[in-house]
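Asker: What follows is a structure written as structure tokens; I'll ask about it next.
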Amino acid sequence: MFNGGPPLRLLSLWGRFDPTHQHVLRRATIVVCVGWLPLLLLAVVSYVNGHEDVWRAFWSDASVHARSLIVAPLLILAEAICIPKLGATAQIFRQRAIVPDSEVPAYEKAVRSILWLRDWWVVEAAAVVLAYVIAALVMRNVPPTFLPDWHRGDGTLPLGRSSASWWNGLVSLPLLLVLLLGWLWRLFLWARYLLLVSRLKLRLVVVHPEGAAGLMFVGYSLRAFGVLGVAIGTIVAATELAHVWAGAPVGPDQLGFVALGTIVAVVLVFAAPLLVFFRPLLRCWEEGVVLYGELTQRVGAALEDKWMRGPPSEETAEPLSTGDFSATTDLFQSAGNLYSLRFVPIDLNSVIALAVATALPFGVVALALVPFDKLLQHVLSMFL
């Protein structure tokens, strides 16, 4: 259902789309060869022509290496990891009969709308156009003097930019933006799918032991976005590293604040689609309070009338020989799950996994910038 969108439709029109994602490593390698390798070769040419400052500036620009050498391939590899997991999660709604037979026509209509949006050619074209519009705005409005030295040319090329800078603006940056916009579109499709499903009359079990009326499997989908979390964290962390190498005063505290902001933003963005189940779960809880409250009251009152308030009998003389108490206890324990119901199916361990994945690049930057003994001392001071 989510195996499409920019740039996968372009690949399908080209006849190179691999629906099973068996060749993502090859595509990731091609992305590196197209987006990063020419920049390296152009920097080498500048070095050969006597512009050693261009070579040094390019080699020390962590942000360009992160974007074209790490992030762009990760966005390709994420297709083989994230898309199948999202599709498998979507199928569980029918496999477990959470969508009852009476709602199947409406469910199939929702699926058709997602598939139509996934394959809509306008989205593919808009992604390419928007990527080049953004790249053109950056090329025109950000002067080379605000960028690393490898963007500056010898005056023979337009806008005073080097050939490597033009390749970055016309190829590398638009390629990365198309990949990012593709994932943004898939996230929209995922959110829309969950929204349409949440509007159906779902068969929820309010006393389900997982604590989300049978919907907790949706919360596990956050783990599928871990690779995207690493990619986003790498972009931001590498930018901070580039500032440090450029001489900007970036300390551990500032890096920590940037990392925390990035982690919170990533978790909120990918967890936000799960909020659509708040109303169904709240409605399920309200119905469960009435139904299970009435049942437990009736069973509990009958138990007390028989064993505590009724006249003694041969049966009540041996309370342990009957199953009244154990059956009532089982009922009360099941009903107790009702009052621990989560109104949003978010799994804490999945949130932690996504947060850790996003934080990994910042950990690498911290280790590269701060001596280990000072870093350890700073971490300990936060807890002591």
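Asker: Could you put 119, 61 in order, starting from the residue whose Cβ has the fewest other Cβ atoms within 10 Å?
Answerer: The most exposed by this proxy come first: 119, 61.
Asker: Between residue 133 and residue 302, with labels modelled 7 Å along Cα→Cβ, what's the label distance in nm to one decimal, could you check?
Answerer: Result: 6.7 nm between the two label points.
Asker: I need 70, 134 ordered by Cβ neighbour count within 10 Å, fewest first.
Answerer: Starting with the residue having the fewest Cβ neighbours, the order is 134, 70.
Asker: Quick check: net charge around residue 60, other residues with Cβ under 13 Å of its Cβ, Lys/Arg +1 and Asp/Glu -1?
Answerer: Net charge around residue 60: -3.
Asker: Moving on. Starting with the fewest neighbours, write out 189, 75 ranked by other beta-carbon atoms found within 10 Å of each beta-carbon.
Answerer: Ascending number of Cβ neighbours within 10 Å: 189, 75.
Asker: For residue 88 and residue 264 in one chain, what is 0.36 nm times their gap in residues minus the Cα-Cα distance, to one decimal in nm?
Answerer: Roughly 60.7 nm would be gained on extension.
Asker: Using +1 at the Cβ of each Lys and Arg and -1 at the Cβ of each Asp and Glu in region 128-278, identify which of 165, 138, 275 lies farthest towards the dipole's positive end.
Answerer: Of the listed residues, the answer is 275.
Asker: Applying the Karplus parametrisation 6.51 cos²θ - 1.76 cosθ + 1.60 with θ = phi - 60° to the phi angles of region 272-289, what ³J(HN,Hα) value in whole Hz is obtained for each residue in order, glycine and proline being reported as x?
Answerer: These are the phi-based 3J(HN,Hα) values: 4, x, 6, 5, 5, 8, 4, 5, x, 6, 5, 5, 4, 5, 5, 5, x, 4 Hz.
Asker: Now for a separate question. Just how far, in whole angstrom, is region 26-69 from region 156-225 if you go by their alpha carbon centroids?
Answerer: 28
Asker: Also: So what are the ³J(HN,Hα) numbers for region 55-72, from phi and the Karplus equation (6.51, -1.76, 1.60; θ = phi - 60°), rounded to whole Hz, Gly and Pro as x?
Answerer: 5, 5, 5, 5, 5, 9, 8, 5, 5, 5, 5, 5, 5, 8, 9, 10, 5, 4
Asker: What are the residues whose amide H is under 5 Å from the amide H of residue 161, where those residues sit 5 or more places off or on another chain and H is modelled from the backbone?
Answerer: Distant-sequence amide H within range of residue 161: 153.
Asker: Another question, then. Find how much the distance from residue 119 to residue 26 grows on full extension, using 0.36 nm per residue of separation minus their present alpha carbon separation; answer in nm with one decimal.
Answerer: Stretched fully, the residue 119-residue 26 segment lengthens by 31.1 nm.
Asker: Can you work out the FRET efficiency for the pair residue 126 and residue 106, with r the C-beta to C-beta distance and R0 = 45 Å, to the nearest 0.05?
Answerer: After rounding to 0.05, the efficiency reads 0.95.
Asker: Here's another thing I want to ask about it. What is the sum of charges around residue 201, taking Lys and Arg as +1, Asp and Glu as -1, for the other residues whose C-beta is under 13 Å from the C-beta of residue 201?
Answerer: So the surrounding residues net to +1.
Asker: Can you tell me the relative contact order of region 57-215? Whole percent, Cα pairs under 8 Å, sequence separation 6 or more.
Answerer: 32
Coordinate-derived values only; no laboratory data. As the structure is a computational prediction, the values presented were derived from the model and not from experiment. Reconstructed Cβ throughout: ideal geometry from the backbone, glycine too, with neighbour counts over all protein chains shown.
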